[in-house]
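The values are calculated or read from the model by the stated rules, or taken from the named source; none is laboratory data. What you see is a predicted model; the values in this text were computed from it and never measured. Here the Cβ is made from the backbone with ideal geometry for all residues, glycine too, and neighbour counts use every protein chain on show. With ligands, DNA and RNA removed, areas are computed over all heavy atoms of the protein, side chains included. Shrake-Rupley method; radii C 1.70, N 1.55, O 1.52, S 1.80 Å.
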Amino acid sequence: MTINVIVIVLLMVGAVGFTGMCSFNPGRPENGPVQEVDGATFMGMEARAVKFPVRFPRMPEGWVNNSARRTTIGEDPAPVVGWVTPKEGYLQLTQTGADVETAVERVDSSPREKTGTALIDDAQSLEATIYSSPEADVRDVWVVDLGDVRLLVKGEAGEDEFRELLATTVATEPLPAT
């Protein structure tokens, strides 16, 4: 029986190795290329499907748009797009028509409390409200209320990248809703 198992394992390794669809690379893994998505097209479709203005910021070189999806906040759809940042962080931007409290409560299942503010743009005196959790594995959420839409940014990146994403988004004209 042992000989049969050895023969089967050798045949399997030989067959899989022959296809060239696998590799063995011992050592530390390297970061590969980031999968890009067409967030602009996705957000264009979302702009026609929601009742609030939707923006898609054109981020500078080094920001890679790698995700786009729809979630629900309250009873309404909320588009979410994410970027890998130049400093190898990740930020996601959620846009919603829900009020700030509902948006922060339902952006994910983690509870957060208002912990402060951060200046986003000196020229416009624009501030983001920061919501944090005492839990170490819960990321902060930065919120900018533009009146007709709330912008929520969360992820793992430096404060300068949070500011850059929010400032660029605020400065971006809403996409056409028709």
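For the chain, state the average projected area of the convex hull of the C-alpha atoms over all orientations, rounded to one decimal in nm².
That works out to 15.7 nm², a quarter of the Cα hull's surface.
For MET45, what accessible surface area do you get with a 1.4 Å probe? Give it in Å², rounded to 10.
Only protein atoms counted, so the area is about 100 Å².
Let me know the shape class of the range 65-166, please: from the alpha-carbon gyration tensor, a ≥ b ≥ c as square roots of the eigenvalues, rounded when a/c is under 1.5, otherwise prolate if a/b is greater than b/c, or oblate.
Rounded, because the longest to shortest axis ratio a/c is under 1.5.
Which whole-Hz ³J(HN,Hα) couplings does the range 106-121 yield from phi under the Karplus relation 6.51 cos²θ - 1.76 cosθ + 1.60, θ = phi - 60°, glycine and proline marked x?
10, 5, 7, 8, 8, x, 9, 10, 5, 10, x, 9, 9, 6, 9, 9
If you place +1 on the Cβ of every Lys and Arg and -1 on the Cβ of every Asp and Glu, how big does the dipole about the Cα centre of the chain come out, in debye to the nearest 20?
About 660 debye.
Give the long-range amide H neighbours of ALA157: residues separated by 5 or more places, or on another chain, with amide H under 5 Å away, using H modelled in the peptide plane at 1.01 Å from N.
TYR90
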